[in-house]
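First up is the structure itself, then whatever we jot down about it.
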Amino acid sequence: MIICDNMSKLKNTYKERAQINTNPMGKINLQPKTDPISTKKYKVTIIQLKSVLEKAWCRKTCYPPSQEMWTPETPCSGQCAVTSLVVQEILGGEIKYCKHLHHYWNIFPDGKELDFTRAQFPRNVKPCSDAIVLREYILTGGSMTIDSARTRERYKLLKQRVEKFLADKL
């Protein structure tokens, strides 16, 4: 197995990070003011959400440099940033980032990780955990590989498509 960087480890556990990122009321603040969470609440299983995401992904929600390679047979390719944002909105938690692969996925308070776009990498490649990033980092171009305006557009489109599929499904 290839691990992109064995020396890269998160210095803070989720719990420690959550204590640092609390508002004055002591509640975890994962949603920035610039991107309010949807007021719709869906009771959805992981399997249902995966199915919805697979239907919602499209060339327009794919990371622009990967759009030419995107196919319906590999729908998760180039979808990690916007998918991690949508998953966080629906299920909560935080977003992990691997700087070597420019890859995002979700982590939850119990330590479980969820990566709906993992299949875009060969089985012998394992993204490392370089950081836990805030939504603003992804949406404002905090990563040099992300064009923030395009990311916002892709995120909004994926969110709309997911909400439509969830409304139709549930």
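A short reminder: the numbers here are calculations on the coordinates, not readings from a lab. Everything numeric in this text was worked out from a predicted model, so none of it was measured. All Cβ positions, glycine included, derive from the backbone under ideal geometry; neighbour counts span all protein chains shown.
Computed quantities for the displayed model
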read-out: Zone of GLU153's modelled label, taken as backbone nitrogen in the stretch 54-94 under 18 Å from a point 7 Å along Cα→Cβ; value: 57-70, 78-83
read-out: Flagged links, alpha-carbon separation over 21 Å, of LYS112/LYS156; LYS126/LYS159; LYS43/LYS112; LYS55/LYS169; LYS126/LYS169; value: LYS112/LYS156; LYS126/LYS159; LYS126/LYS169
read-out: Order by protection proxy (mean Cβ within 10 Å, highest first), peptides 79-87, 160-168; value: 79-87, 160-168
read-out: Projected label distance in nm at GLU73 and GLU113, using a 7 Å step from Cα toward the beta-carbon; value: 2.9
read-out: Backbone HN-Hα couplings from phi across the stretch 93-106 [Karplus 6.51/-1.76/1.60, Hz, Gly and Pro as x]; value: x, 10, 10, 8, 9, 10, 5, 6, 9, 6, 10, 10, 7, 10
read-out: Under the Karplus curve 6.51 cos²θ - 1.76 cosθ + 1.60, θ = phi - 60°, whole-Hz ³J(HN,Hα) for the stretch 148-156, x wherever Gly or Pro sits; value: 4, 5, 5, 5, 4, 4, 5, 4, 4
read-out: Simple label model, 7 Å out from Cα along Cβ direction - GLN160 to LEU91, nm; value: 2.5
